[in-house]
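First up is the structure itself, then whatever we jot down about it.
The values are calculated or read from the model by the stated rules, or taken from the named source; none is laboratory data. All figures in this text were calculated on a predicted structure; none of them were measured in a lab. Cβ placement follows ideal geometry from the backbone for every residue including glycine, while neighbour counts extend to all protein chains displayed. The area values use the complete protein model at the heavy-atom level, side chains included, leaving out ligands, DNA and RNA. Shrake-Rupley method; radii C 1.70, N 1.55, O 1.52, S 1.80 Å.
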Amino acid sequence: SFLIPDPWQINKLHQPRPKHEDENWKIIWFGSNSNCTYLLDALKEISTSSSANINVELTILCTKWSIKHVYKLKESGHFPANWALRNVEWNLDQRPTQLEDELSRSHISMVPSNPQDPMKAGVSHNRVVDSIRAGCLTVASPMESYKELSKICLIGDNFSHLISSAC
């Protein structure tokens, strides 16, 4: 038998990062360009909810293309009011260390998706598992592969409610 290593999988299990009273919540989203649409939809929803008032530093770990689209959303006014944006571009030479470093500095990881999207049928649970292993409280869409992890993360369609519950 052979083991094929996942070059993105984080190396070790981290304890959850405590949030200090005087700091903003640190939330992270990481993914590929194909997942950026789900992030943009979640941010639009959050921007019109009470979750927009929570003080957050949102780290976006992705490509320049996705970063550009998040900035377009922010400029359009459909971005949570009290959320600061921190962009980190993927560096393929630093995998999986970069992912582990960014996840372990965060309190919460967002993994939005769309269970109705046929392109997401059979989606892997890797992003949810990496987030949990890094010590993040993980909020995720109700994808079939994520539901089996519902005892150790928050699963649902309403990201504004999930973020409020997590904070």
Can you tell me how many residues in the stretch 104-119 are surrounded by fewer than 18 Cβ atoms within 10 Å (Cβ to Cβ) and either touching a residue at least 12 places away in the same chain (Cβ under 8 Å) or not in a loop (DSSP other than H, G, I, E, B) (or both)? 5
Name, by its number, the condition in (1) over 22 Å from ASN11 (Cβ atoms); (2) in contact with a strand residue (DSSP E or B) (Cβ under 7 Å, 6 or more places away or on another chain) that does not hold for GLU102. (1)
Got at least one residue in the stretch 127-143 being touching a residue at least 12 places away in the same chain (Cβ under 8 Å), open to solvent by 20 Å² or more (accessible area, probe 1.4 Å), on the phi < 0 side of the Ramachandran plot and among the small types (Gly, Ala, Ser)? no
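Here's the yes/no breakdown for (1) at pLDDT below 95; (2) under 17 Å from the mean Cα position of the chain (by Cα); (3) open to solvent by 60 Å² or more (accessible area, probe 1.4 Å); (4) over 16 Å from CYS167 (Cα atoms):
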residue	(1), (2), (3), (4)
LEU3	yes, no, yes, yes
GLN9	yes, yes, yes, yes
ASN35	yes, yes, no, yes
LEU40	no, yes, no, yes
HIS69	no, yes, no, yes
GLY77	yes, no, no, yes
ASN82	no, no, yes, no
GLU102	no, yes, no, yes
